[in-house]
There are 2 protein chains.
Amino acid sequence: MADEKRAHRIARLTAEFCSNPGKLFTLSSFSEMFGAARSTLSEDISVIKEVFDGRDFGRIETLPGAAGGARLVPKVNPRAVQQMLAELCKELASPSRVLPGQFIYMSDIVFSPSWCHKLGAIFAAVFFDAAPGCVMTVETKGIPLALTTAWLLGLPLVVSRREGRASEGSSVNINYMSGSSRTIQTMSLPRRALQPGTRVLVIDDFLKGGGTVRGMMELCAEFGAQIVGAGVLVETEEPKSKLVQDYVSLLKFSGIDEQAQTSRIAVSDKLLARMQRMV
Amino acid sequence: MADEKRAHRIARLTAEFCSNPGKLFTLSSFSEMFGAARSTLSEDISVIKEVFDGRDFGRIETLPGAAGGARLVPKVNPRAVQQMLAELCKELASPSRVLPGQFIYMSDIVFSPSWCHKLGAIFAAVFFDAAPGCVMTVETKGIPLALTTAWLLGLPLVVSRREGRASEGSSVNINYMSGSSRTIQTMSLPRRALQPGTRVLVIDDFLKGGGTVRGMMELCAEFGAQIVGAGVLVETEEPKSKLVQDYVSLLKFSGIDEQAQTSRIAVSDKLLARMQRMV
């Protein structure tokens, strides 16, 4: 009977953690939820912690003291990440993805909920220690990746638009130079979307010249907010000189092999270096 | 000792279900994962099933037979949904959200990962029986809600854009009439984004005249795909006559009370009727 109750508690605790990433549950709140002693729950949590430590669901962080408790925080296994990204590179290198103009078709990947959860988990783990207070992206293709990253970190998401909308109220607009096409573009964010002093994590799908990420940095500066990290799914090898330096890319695209019609795309050395520091 | 192993299995099984909504796990795959008998795992799963039945994490569906197994499918509790939406209405009715031109500021909600997970769970539960094969939306503000709905159903997401892009290859473009502003707009979807015969669930943040949802229907028709459901977060009371009839809205917006400067917004009777049929 005690065994049955324990099994039920562990199933429910695990589901609560997984359904609320980043949320701190106090032992007292669990104690009320289950009508069980804090010491009992503490033991249950240590079982879940052990299971998660051996897998890639994230990590259960326990905080001691009266205000303490437990929460699910992002964690990835560097080896599993490399394997998963190698698989993604293989998928992206397929000749069927080559488009006119040296583009690769990636929309199915950047809009895929399951890929975005796997890739967002990497960004969440890489930038967790930077303690961001929100995630920011610019419409459109970066949104799913930014959303899953924010979800796994338990943070809000802020999306800047190409132009202001009446349905978003007064906004701050900046002009910026696209790093690759050298054209002037506009980026707009509602005034109420970002508080001064917020620590911002920038997430986007693609970085060529770096103009868009640089634009987001300038936009944040207008709000008195502070960029604490930037992550992109794919960066291009060319141009070598980017408008921003301090970012983490997951993949690097070095163009299309005209003969074989496949893309040269590999796991980014920026990520590998960053993961080495995490271990 | 057996008790310890069981606790570990239940934690891991729960985390596997929660991390892979919609995915069918066969008993054999679990059996390999844990080195435990299928009958043992079957008992573990029934514990998790019981716990989920009493909560709002979804529902564990077990399929019998050799090819059978278990998966997490969407489920919501109608009473909890009504409470949660009433809370959202209260939040949205705040005078601070009133914008010039009879708009309410909603960007923080439609981009919020935690709100989108709660709201996406409603759409996923409402449309699960329609057996969609993908979720579709149009950029920008519907994307997070469509993504979480697709995630909880274990489906891919397809996003149509306001115009075609070189980075998305050849596309199908349609012109459609906005139901409210009576202007001609364009919607574009890459040719490879949607296969003929796909059952499509349309999700969007806002429905006024219904032109956008109608546009998505026409776009799907161009691909030989079939709309099996449409869900929007907010519909407006005016205009009463919409270009589409068969959709489910979660909330209904009836304008702004000029005196009190609060919005009149309530849980949609369309949702209430639909949930009654679900019970």
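The values are calculated or read from the model by the stated rules, or taken from the named source; none is laboratory data. Predicted, not measured: the structure shown is a model, and the values here were computed from it. Note that we place each Cβ from the backbone using ideal geometry, even for glycine, and neighbour counts take in every protein chain shown.
Worth a mention:
- Within segment B:1-42, tally of residues that are surrounded by fewer than 16 Cβ atoms within 10 Å (Cβ to Cβ), facing another protein chain (nearest Cβ under 10 Å) and either basic (Lys, Arg) or closer than 15 Å to B:Gly68 by Cα (or both): 1
- Selection of segment B:104-115 for residues being more than 12 Å from B:Leu85 (Cα to Cα) and either among the aromatic types (Phe, Trp, Tyr) or touching a Ser or Thr at 6+ places or on another chain (Cβ under 7 Å) (or both) yields B:Ile104, B:Tyr105, B:Phe111.
- Extreme residue, farthest from A:Trp151 (Cα to Cα), among residues of segment A:105-116 that are surrounded by 20 or more Cβ atoms within 10 Å (Cβ to Cβ) and not polar (S, T, N, Q): A:Met106
Residues checked against (1) within 18 Å of A:Gly120 (Cα to Cα); (2) part of a loop (DSSP other than H, G, I, E, B); (3) at pLDDT below 95; (4) not assigned by TED's automatic domain parsing to the domain that holds A:Leu251:
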| site | (1), (2), (3), (4) |
| --- | --- |
| A:Ser28 | no, no, yes, yes |
| A:Ser39 | no, no, yes, yes |
| A:Arg55 | yes, yes, yes, yes |
| A:Thr62 | no, no, no, yes |
| A:Gln83 | yes, no, no, no |
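- Any hit, segment B:194-211, residues being touching a Ser or Thr at 6+ places or on another chain (Cβ under 6 Å) and away from chain A (no Cβ under 14 Å): yes
- Against the criterion of being of a type in the set (Asp, Glu), more than 16 Å from the chain's Cα centre (by Cα) and buried (at least 20 other Cβ atoms within 10 Å of the Cβ), B:Glu168 qualifies.
- Remark: A:Val213 matches the filter, which requires a residue to be in the same structural domain as A:Cys89 (by TED's automatic domain parsing), crowded, with 20+ Cβ neighbours inside 10 Å, outside any strand (DSSP E or B) and β-branched (Val, Ile, Thr).
- Residues within segment B:45-71 that are hydroxyl-bearing (Ser, Thr, Tyr) and either more than 19 Å from B:Arg12 (Cβ to Cβ) or within 23 Å of the chain's Cα centre (by Cα) (or both), tallied: 1
- Subset of segment A:128-162 [among the hydrophobic types (A, V, I, L, M, F, W, C), part of a helix (DSSP H, G or I) and crowded, with 24+ Cβ neighbours inside 10 Å]: A:Ile143, A:Leu145, A:Ala146, A:Leu147, A:Ala150, A:Trp151, A:Leu152, A:Leu153
- Qualifying residue in segment B:112-132 (condition: closer than 30 Å to A:Pro95 by Cβ and of a type outside the set (A, V, I, L, M, F, W, C)): no
- Residues of segment A:3-25 that turn out to be out of contact with any Gly (no Cβ under 7 Å at 6 or more places or on another chain), in contact (Cβ under 8 Å) with a residue 24 or more places away in the chain and not basic (Lys, Arg), as a count: 6
- Pick from segment B:101-120, criterion in a loop (DSSP other than H, G, I, E, B) and of a type outside the set (A, V, I, L, M, F, W, C), ranking: farthest from the other protein chains (Cβ to nearest Cβ): B:Gln102
- Taking each residue of segment A:256-273 that is farther than 17 Å from A:Asp205 by Cβ and looking for partners that are part of a loop (DSSP other than H, G, I, E, B) and of a type outside the set (A, V, I, L, M, F, W, C) with beta-carbon atoms closer than 6 Å, six or more apart or interchain, yields A:Ile256/A:Gln102.
So that you can scan it fast, the table gives a plain yes or no per residue for (1) in contact (Cβ under 8 Å) with a residue 60 or more places away in the chain; (2) outside the structural domain of B:Gln82 (by TED's automatic domain parsing); (3) of a type in the set (Asp, Glu):
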| position | (1), (2), (3) |
| --- | --- |
| B:Ala150 | no, no, no |
| B:Arg161 | no, no, no |
| B:Glu168 | no, no, yes |
| B:Asn175 | no, no, no |
| B:Gln185 | no, no, no |
| B:Phe206 | yes, no, no |
| B:Cys220 | yes, no, no |
| B:Glu237 | no, no, yes |
| B:Ser249 | no, no, no |
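- Residues that are aliphatic (A, V, I, L, M) and farther than 18 Å from A:Leu72 by Cβ within segment A:6-41 comprise A:Ala7, A:Ala36, A:Ala37, listed in sequence order.
- Of the residues making up segment B:47-69, none is within 10 Å of chain A (Cβ to nearest Cβ), touching a residue at least 40 places away in the same chain (Cβ under 8 Å) and closer than 30 Å to B:Gly255 by Cα.
- Complete set of residues in segment A:164-193 that are within 11 Å of another protein chain (Cβ to nearest Cβ) and not small (Gly, Ala, Ser): A:Arg165, A:Glu168, A:Leu189, A:Pro190, A:Arg191, A:Arg192
- All conditions but one from (1) in a helix (DSSP H, G or I); (2) within 22 Å of B:Ala193 (Cα to Cα); (3) not basic (Lys, Arg) apply to B:Met275; the one that does not is (2).
- Pairs where the first residue, in segment A:74-100, is within 18 Å of A:Phe128 (Cβ to Cβ) and within 14 Å of another protein chain (Cβ to nearest Cβ) and the second is aromatic (Phe, Trp, Tyr) and surrounded by 15 or more Cβ atoms within 10 Å (Cβ to Cβ), C-beta under 7 Å, 6+ apart: A:Pro74/A:Phe128
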